[in-house]
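Trainee: Here it is: the structure, laid out below.
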Amino acid sequence: MRPVVTVTEMRAVDQDALATTTHEELVARAGRRLAAHAKVMLGPNPNGRRVVVVAGKGSNGADGRVAARWLRSWGSRVLVLNAADAPERLPEADLVVDAAYGTGFAGAYHPPDPGGAAVLACDVPTGVDGDTGVADQAVHAHETVTFGAEKPGLLLGEGPGHAGRVHVEPIGLDCSRAKAWLVEDGDVALLPSRPREAHKWQSAVLVVAGSPGMVGAAQLCATSAMRSGAGYVLLASPGCAAADLPVGAHVGRSFPAQGWEADAVALLERVQAVAMGPGLGISPATSEGVRAVLGAYGGPVVLDADALAGLDLDLLARRRAATVLTPHEGEFTRLFGPVGTDRLAAVAAAAARSGAVVLLKGPTTVIADPSGAVRLAAAGTPTLASAGTGDVLTGLVAALLARGVPALDAAGLAAHAHGAAARLGPAWGLLANDLPALVSRWLSTDHTASGPTTQRRASAGSRREAE
C-alpha cells in the first residue's frame, strides 16, 4: 500500500523533514525529479526543445525554477513565466510545466492556454483541491509529478481527470504516519493461504439475500463468495420456495418470508462470516431480521443494499464483532447525510459514528474504520457501472472476512480486486455474471513479483485518454 497524505498532513511531514535537512535541499530534490520527467516527455533528445515553465512565488514555483535550470543544462530552450503575470495563451512550446501553485492554493485561478503543448504538473495541477479533487478552474495536465505520497485530490472528484498519469517521487519525506493508504496489486500478499489441514467449514459464509423475483442478486453474491475463497456458502432467500432458489455451487436454504431471523440464527454457529442485503427487499421483516442477526452473531457481517435500509446505527455501535457497510452514495446519504465534497472526511465520520467499517463505492472507493484509518481503491473502471456488480463485491468482502482478514483490509482488498478483475473483462458490455470468475482469476495471479507501483494511469475520461 502507498500512503495518501492530506494537505494538513503534508505540512506536518514537510516540517518534520526540516529537522534533518533544509528547505533548499528539498526544493533541489523536487526540481531535479520534475526535470527528469519533463525530459522524458520531451523525447529522446531534449536539445532545442521549447519549454515554458509557469512558476508561482511559493515552493511549487521554486521547484519549477530548479527544473528549468536542469532543462537548460540539457539543451532545452526554457522560458520561465511568473504565474501572476502569465498571458491568457502561452508562447508556442513543446512542453508546459505547471509549477504555479501547490496544494495550499486558495482562490480563483485562470489557467493559461497551453496552445496544444503537453502539460506536466508539479505536485498537483494548479486549481485542483489537494484534499477533495474539486476543480472549478484548473490546469489539465497530461502527467503530474507529486512528492512523497499521493494526495487525495489526485484520486478523488475531478482530480484524476486533471492530473493525467501520476508519478510519486520520493524526496526524503517520511509519510509513514499517513491515515489513508492506497491499495495496490501486490497487497494481495496480505491474504492468508489455506493451511494444509483446512476444511470447508473453516471459511463458511451465510448469505441472506434474494426474495421472490430477486434471486439473481442472491446468486451473484453467493457465487462471488465461493469464487473468492469461501469454503462453503449457505444461501437463504426469504420467501422463496426450495424450487425457486438459485442453483450453484452454494447450498440453498428456504426461509419463510416473515420471521426468517430464527432460521438464520440457528445457522450462525456454523459460519465464519455473514452477508446480508442483495435483493432482500425493503420491508419491516427485512429490518427486523437484520437486527436480529446483528444482535445474535459474534462474527463479522457485511451489509449491502436492502440490509442498509432502516439500519439501527446504535446497534452497530454496540456490536463487538466487525461490521462492514458497502453503500453507494444514495444509500450513504440516507444513513449518514450528504457526502459533500470531502469524501475522506465524510466516510471517516460515518465509520466513527456507526462503529463499522464503511465502504463508499465510487470511481475511487473510500473505506474507513472507526479509528480513522482509511483505505482507497482506485483500480475501478466505468464498466463496473452496471447492475449486479455491487452484489459481487458483497460476496467478495464476505469471503475475505471468513478467511480471517481484518475488516478494514478485507474491504480495501476486496474493492481493489473487484476493480482490477473488471479490467480483465470486456471493455464494453461487462456483465456482473462475468465478475466472479474474473475475481478468482485475478486473486490466483502472483502480483508480488513486480514490486510496488510507482505510477498509475489517468482515470478513464481524463484529457490524456480522450486525446
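The values are calculated or read from the model by the stated rules, or taken from the named source; none is laboratory data. The structure presented is a predicted model; accordingly, all values stated were derived computationally and were not measured. Every residue, glycine as well, gets a Cβ built from its backbone with ideal geometry; the counts of neighbours run over all protein chains shown.
Trainee: In this structure, does M226 turn out to be touching a His at 6+ places or on another chain (Cβ under 7 Å), closer than 20 Å to V324 by Cα and at pLDDT 95 or above?
Mentor: When the stated conditions are applied, M226 passes them.
Trainee: So, R177, is that one in a loop (DSSP other than H, G, I, E, B), under 22 Å from the mean Cα position of the chain (by Cα), basic (K, R) and surrounded by fewer than 21 Cβ atoms within 10 Å (Cβ to Cβ) or not? Even if it seems obvious, please write down each step before you answer.
Mentor: Numbers: in a loop (DSSP other than H, G, I, E, B): yes; under 22 Å from the mean Cα position of the chain (by Cα): yes; basic (K, R): yes; surrounded by fewer than 21 Cβ atoms within 10 Å (Cβ to Cβ): yes.
Yes; evaluated as a whole, the condition is true for this residue.
Trainee: Here is a follow-up. Quick check on R291: is it among the basic types (K, R), modelled with pLDDT under 95 and surrounded by fewer than 24 Cβ atoms within 10 Å (Cβ to Cβ)? Before the answer, list the steps.
Mentor: Working: among the basic types (K, R): yes; modelled with pLDDT under 95: no; surrounded by fewer than 24 Cβ atoms within 10 Å (Cβ to Cβ): yes.
No.
Trainee: Moving on to the next point. With A321, A349, A317 as the choices, which residue is among the small types (G, A, S), surrounded by fewer than 24 Cβ atoms within 10 Å (Cβ to Cβ) and either modelled with pLDDT under 95 or at positive phi (or both)? Reasoning before the result, please.
Mentor: Working: A321 fails: either modelled with pLDDT under 95 or at positive phi (or both); A349 fails: either modelled with pLDDT under 95 or at positive phi (or both).
Just a single option satisfies the conditions, and that option is A317.
Trainee: Going residue by residue through segment 367-382, is there one that turns out to be part of a helix (DSSP H, G or I), out of contact with any Asp or Glu (no Cβ under 6 Å at 6 or more places or on another chain) and not charged (D, E, K, R)?
Mentor: Within segment 367-382, the first condition is being part of a helix (DSSP H, G or I), and the residues that meet it are 382.
Those left that are additionally out of contact with any Asp or Glu (no Cβ under 6 Å at 6 or more places or on another chain): 382.
Then drop every residue that is not not charged (D, E, K, R), which leaves 382.
The answer is yes, given that some residue of segment 367-382 is part of a helix (DSSP H, G or I), out of contact with any Asp or Glu (no Cβ under 6 Å at 6 or more places or on another chain) and not charged (D, E, K, R).
Trainee: Residues of segment 165-193 being in contact with a helix residue (DSSP H, G or I) (Cβ under 9 Å, 6 or more places away or on another chain) and either among the hydroxyl-bearing types (S, T, Y) or under 21 Å from A36 (Cβ atoms) (or both), which ones?
Mentor: R165, V166, H167, E169, P170, I171, G172, L173, C175 - these are the residues of segment 165-193 that are in contact with a helix residue (DSSP H, G or I) (Cβ under 9 Å, 6 or more places away or on another chain) and either among the hydroxyl-bearing types (S, T, Y) or under 21 Å from A36 (Cβ atoms) (or both).
Trainee: Moving to a separate point now. Could you grab me the full set of residues in segment 88-108 that are modelled with pLDDT under 95 and either under 18 Å from S76 (Cβ atoms) or buried (at least 19 other Cβ atoms within 10 Å of the Cβ) (or both)?
Mentor: Selection gives Y101, G102, T103, F105.
Trainee: Could you say which residue among L316, L234, L220 is under 27 Å from S444 (Cβ atoms), free of Cβ contacts under 8 Å to residues at least 60 places away in the same chain and of a type outside the set (V, I, T)?
Mentor: It is L234.
Trainee: Determine whether A118 is closer than 24 Å to L154 by Cα and either at pLDDT 95 or above or in contact with a helix residue (DSSP H, G or I) (Cβ under 9 Å, 6 or more places away or on another chain) (or both).
Mentor: On the way: closer than 24 Å to L154 by Cα: yes; either at pLDDT 95 or above or in contact with a helix residue (DSSP H, G or I) (Cβ under 9 Å, 6 or more places away or on another chain) (or both): yes.
In short, yes.
Trainee: Considering only segment 78-96, how many residues are within 21 Å of N47 (Cα to Cα) and in contact with an Asp or Glu (Cβ under 9 Å, 6 or more places away or on another chain)?
Mentor: Looking only at that region, the number is 1.
Trainee: For the structure I just gave you, tell me whether N60 is polar (S, T, N, Q) and surrounded by 23 or more Cβ atoms within 10 Å (Cβ to Cβ). Steps first, answer last, please.
Mentor: On the way: polar (S, T, N, Q): yes; surrounded by 23 or more Cβ atoms within 10 Å (Cβ to Cβ): yes.
In short, yes.
Trainee: Which of the residues belonging to segment 240-265 are of a type outside the set (A, V, I, L, M, F, W, C) and farther than 17 Å from A285 by Cβ? Before you say what the answer is, go through the steps one by one.
Mentor: First, pick out the residues of segment 240-265 that are of a type outside the set (A, V, I, L, M, F, W, C): 244, 246, 248, 250, 252-254, 256, 258-259, 261, 263.
Those that are of a type outside the set (A, V, I, L, M, F, W, C) and farther than 17 Å from A285 by Cβ: D244, P246, G248, H250, G252.
Trainee: Another one. When the residues of segment 243-269 are filtered to those that are among the small types (G, A, S) and in contact with a Gly (Cβ under 7 Å, 6 or more places away or on another chain), which remaining residue is surrounded by the most Cβ atoms within 10 Å (Cβ to Cβ)?
Mentor: Of segment 243-269, the ones among the small types (G, A, S) are 243, 248-249, 252, 254, 257, 259, 262, 264, 266.
Now restrict to residues that are in contact with a Gly (Cβ under 7 Å, 6 or more places away or on another chain): 257, 264.
Details: A257: 14, A264: 23.
Taking the candidates together, the pick is A264.
Trainee: Just to be sure I understand, how many residues within segment 202-243 are of a type in the set (G, A, S) and closer than 16 Å to M276 by Cβ? Can you show your working first?
Mentor: First, the residues of segment 202-243 that are of a type in the set (G, A, S): 203-204, 209-211, 213, 216-218, 222, 224-225, 228-231, 236-237, 239, 241-243.
Retained after the next criterion (residues that are closer than 16 Å to M276 by Cβ): 204, 209-211, 217-218, 222, 224-225, 230, 236-237, 239.
Of the residues in segment 202-243, 13 are of a type in the set (G, A, S) and closer than 16 Å to M276 by Cβ.
Trainee: Among all residue pairs at least 6 apart or on different chains, which show Cβ distances below 6 Å where the first residue, located in segment 365-390, is assigned by TED's automatic domain parsing to the domain that holds A422 and the second is among the basic types (K, R) and not in a loop (DSSP other than H, G, I, E, B)?
Mentor: V366/R343; I367/R375
Trainee: Only one of A106, A99 is without any contact (Cβ under 8 Å) to a residue 12 or more places away in the chain and within 25 Å of V4 (Cα to Cα); which?
Mentor: Details: A99 fails: without any contact (Cβ under 8 Å) to a residue 12 or more places away in the chain.
Going through A106, A99 in turn, just one is without any contact (Cβ under 8 Å) to a residue 12 or more places away in the chain and within 25 Å of V4 (Cα to Cα): A106.
To keep it simple, each residue is scored yes or no on (1) in the same structural domain as M10 (by TED's automatic domain parsing); (2) under 14 Å from L120 (Cβ atoms); (3) within 36 Å of the chain's Cα centre (by Cα).
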position: S59; (1), (2), (3): yes, no, yes
position: A62; (1), (2), (3): yes, no, yes
position: A68; (1), (2), (3): yes, yes, yes
position: W74; (1), (2), (3): yes, no, no
position: A84; (1), (2), (3): yes, no, yes
position: P87; (1), (2), (3): yes, no, no
position: L90; (1), (2), (3): yes, yes, yes
position: L95; (1), (2), (3): yes, yes, yes
